[in-house]
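**Student:** Encoded as structure tokens, here's the structure I'll be asking about.
Read-outs throughout are calculated quantities, based only on the coordinates presented, and are distinct from any laboratory measurement. From a predicted model like this one, the values you see are computed outputs, not experimental measurements. Here the Cβ positions follow ideal geometry from the backbone for every residue, glycine too, while neighbour counts run over all protein chains shown.
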Amino acid sequence: MNVIENVMRPARVLTGSWLDVIASNLDYHRATFLWKCSGLTDEQLRQRPIASTSLTLLGLMRHLQGVERYWLHLRLTGTPPRFASYRTYETADGDEWYDESDPVPAYDVYTDYLTACQTSRDLFPRGTKDLDRIEPNPEYGNTDIRFILEHVIEEYARHTGHADLLREALDGTTGE
């Protein structure tokens, strides 16, 4: 049974306020990522179809819910995020990544991802009232709100590219 079906990507706002364009592009990139995952089973979402010790579509989905919660919940608005307790392991580089032996069904990960995205949408107006506000960050140092928003789009762009490669390797499906 397929986990995700019929993803409709929204039209992007091409003119208007900077925040309208950014919010629109975030939704477009969220939907594009899910489009890359649509029509696949739980098993397919967990597969490593390329020479990688960690990259799967499901792992990317788990990562992107974390991006939503860390950057848009915590850093953008100071809202304590509710991170799911997915099983992780330490990579050869010393980083943490998601363990595909985690028994949480892919549909539950998908639902959790959708919840994280909706919470981000709900928090967006509150978090973007002062774009010049400085937010300390242990990884980058002091950033303003514009950087946070741009960084989340950067995360989606990078990982949707990964999803493109994974999907093509899985079943030959390609897209823009």
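**Student:** What does the convex hull of the Cα atoms come to per residue for the chain, in Å³? Write out the running numbers ahead of the final one.
**Tutor:** On the way: hull volume 20.5 nm³, N = 176.
Each residue corresponds to 117 Å³ of Cα convex hull volume.
**Student:** Under 5 Å between amide hydrogens, which residues at least 5 positions from Glu135 or on another chain qualify, with H placed 1.01 Å from N in the peptide plane?
**Tutor:** Thr143, Asp144
**Student:** Roughly how tilted is helix 57-67, in degrees to the nearest 10 and between 0 and 90, from the longest Cα axis of the chain?
**Tutor:** The two axes meet at around 20 degrees.
**Student:** Under the classification rounded if a/c is under 1.5, otherwise prolate if a/b is larger than b/c and oblate if not, where does region 52-150 fall, given a ≥ b ≥ c as square roots of the Cα gyration tensor eigenvalues? Present the calculation step by step, with values, prior to reporting the outcome.
**Tutor:** Details: a/c = 2.83, a/b = 1.58, b/c = 1.79.
Here region 52-150 falls in the oblate category.
**Student:** So if R0 is 22 Å, what FRET efficiency would Ser24 and Asp130 give, r being the distance between their Cβ atoms, rounded to the nearest 0.05? List each step's numbers first, then the result.
**Tutor:** Numbers: r = 21 Å, r/R0 = 0.94.
Calculated value: 0.60.
**Student:** Which ³J(HN,Hα) values, rounded to whole Hz and listed in residue order, are derived for region 149-160 from phi using the Karplus coefficients 6.51, -1.76 and 1.60 in 6.51 cos²θ - 1.76 cosθ + 1.60 with θ = phi - 60°, glycine and proline given as x?
**Tutor:** Each residue's phi maps through the Karplus curve to give 5, 5, 5, 5, 5, 4, 4, 5, 4, 4, 7, 5 Hz.
**Student:** Could you tell me the relative contact order of the chain? Use alpha-carbon pairs under 8 Å, at least six residues apart, and round to a whole percent.
**Tutor:** Numbers: 220 pairs, mean separation 46.5, N = 176.
Value for the chain: 26 percent.
**Student:** Residue by residue through region 37-47, which ³J(HN,Hα) values in whole Hz follow from phi under the Karplus form 6.51 cos²θ - 1.76 cosθ + 1.60 (θ = phi - 60°), with glycine and proline marked x?
**Tutor:** Ordered by residue, 3J(HN,Hα) equals 9, 6, x, 10, 8, 3, 4, 5, 5, 8, 6 Hz.
**Student:** Got a sec to turn the phi values of region 127-136 into Karplus ³J(HN,Hα) couplings, 6.51 cos²θ - 1.76 cosθ + 1.60 with θ = phi - 60°, whole Hz, x for Gly and Pro?
**Tutor:** So the Karplus estimates, Gly and Pro as x, are x, 10, 5, 10, 5, 8, 4, 8, 10, x Hz.
**Student:** Could you point to the residue in Thr15, Thr79, Val3 farthest towards the positive end of the chain's charge dipole, with +1 and -1 charges on the Cβ of Lys/Arg and Asp/Glu respectively?
**Tutor:** Thr15
**Student:** Would you kindly state how much longer the chain becomes between Val104 and Gln47 on full extension, computed as 0.36 nm times their sequence separation minus their alpha carbon distance, in nm to one decimal? Mind showing how you got there, number by number?
**Tutor:** Values: separation 57, 0.36 × 57 = 20.52 nm, distance 1.49 nm.
Roughly 19.0 nm would be gained on extension.
**Student:** Say a paramagnetic label sat at a point 7 Å from the Cα of Asp122, along Cα to Cβ; which residues of region 47-76 have their backbone N under 16 Å from it?
**Tutor:** Answer for this model: 68-70, 72-74.
**Student:** Suppose the chain between Val13 and Ala31 were pulled fully straight at 0.36 nm per residue; how much longer would it get relative to their current alpha carbon spacing?
**Tutor:** On the way: separation 18, 0.36 × 18 = 6.48 nm, distance 1.44 nm.
Roughly 5.0 nm would be gained on extension.
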